[in-house]
Amino acid sequence: QVQLVESGGGLVQPGGSLKLSCAASGFTFSSYAMSWYRQAPGKQRELVASITKGGRTDYADSVKGRFTISRDNAKNMVYLQMNSLKPEDTAVYYCNTYIKGFAAWGQGTQVAVSS
C-alpha cells in the first residue's frame, strides 16, 4: 500500500534552517508529482511546494526564495529544504501525492520556529 513517512522536523530559532524528508513506498514514485503541505494550529492545511515527476517546482508565495523542494527518484525520497525560517512557518508539515485521484498523506512532522 501507499506509504509516506516524513521526518526532520523540530524546534529551530527564527532565521534557522531545517530539511524535511519524506520516504515514499507502495507506488511508482518517479511517475507522480509530490507536494508538501502544512497546517498551523487553527488554520486550514495549505500547499507549500510541489514538484512534478519531471522536476518542475512550484511554491506558495509565502515561502518563495526560502524553501526548496527536491526529489531523488532513485531513493523514492522527496525533500523540503527550509531556510530563513520565521515563526509563521510553525506548523505540522505533510508529504502528499495523488494517485488515481486519491490523496495519500503522511503522518506529518512538527516544525516549530521560536526563540
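Before moving on, here are some points about what is shown:
- Unmet criterion (only one of (1) more than 17 Å from residue 94 (Cβ to Cβ); (2) of a type in the set (Asp, Glu); (3) open to solvent by 60 Å² or more (accessible area, probe 1.4 Å)) for residue 46: (1)
- Considered as a group, the residues in the range 28-41 that are open to solvent by 50 Å² or more (accessible area, probe 1.4 Å), at pLDDT 95 or above and not aromatic (Phe, Trp, Tyr) include one that is farthest from residue 6 (Cα to Cα), and that residue is 31.
- For the range 18-27, the set of residues classified as farther than 19 Å from residue 102 by Cα and open to solvent by less than 60 Å² (accessible area, probe 1.4 Å) consists of 18, 20, 21, listed by residue number.
- Filter result (closer than 17 Å to residue 102 by Cβ and among the aliphatic types (A, V, I, L, M)) within the range 28-46: 33, 34
- Members of the range 49-64 that are exposed (fewer than 15 other Cβ atoms within 10 Å of the Cβ) and among the small types (Gly, Ala, Ser): 54, 55, 62
- Elements of type strands (runs of 3 or more DSSP E) in the range 65-115, at least 1 residues being open to solvent by less than 10 Å² (accessible area, probe 1.4 Å): 67-72, 77-82, 91-99, 109-113
- If the condition is being touching a residue at least 60 places away in the same chain (Cβ under 8 Å) and among the β-branched types (Val, Ile, Thr), then the range 1-33 contributes 2, 5, 12.
- Within the range 44-60, the set of residues being assigned to a strand (DSSP E or B) and touching a residue at least 24 places away in the same chain (Cβ under 8 Å) comprises 48, 49, 51.
- Among the residues of the range 83-113, those that are in contact (Cβ under 8 Å) with a residue 40 or more places away in the chain and over 20 Å from residue 44 (Cβ atoms) comprise 83, 84, 85, 99.
The values are calculated or read from the model by the stated rules, or taken from the named source; none is laboratory data. Here the structure is a predicted model, which means the values were calculated and not measured. Cβ atoms come from the backbone with ideal geometry, glycine included; neighbour counts cover every protein chain shown. Side chains are part of the model used for accessible areas, which takes the heavy atoms of the whole protein and leaves out ligands, DNA and RNA. Shrake-Rupley method; radii C 1.70, N 1.55, O 1.52, S 1.80 Å.
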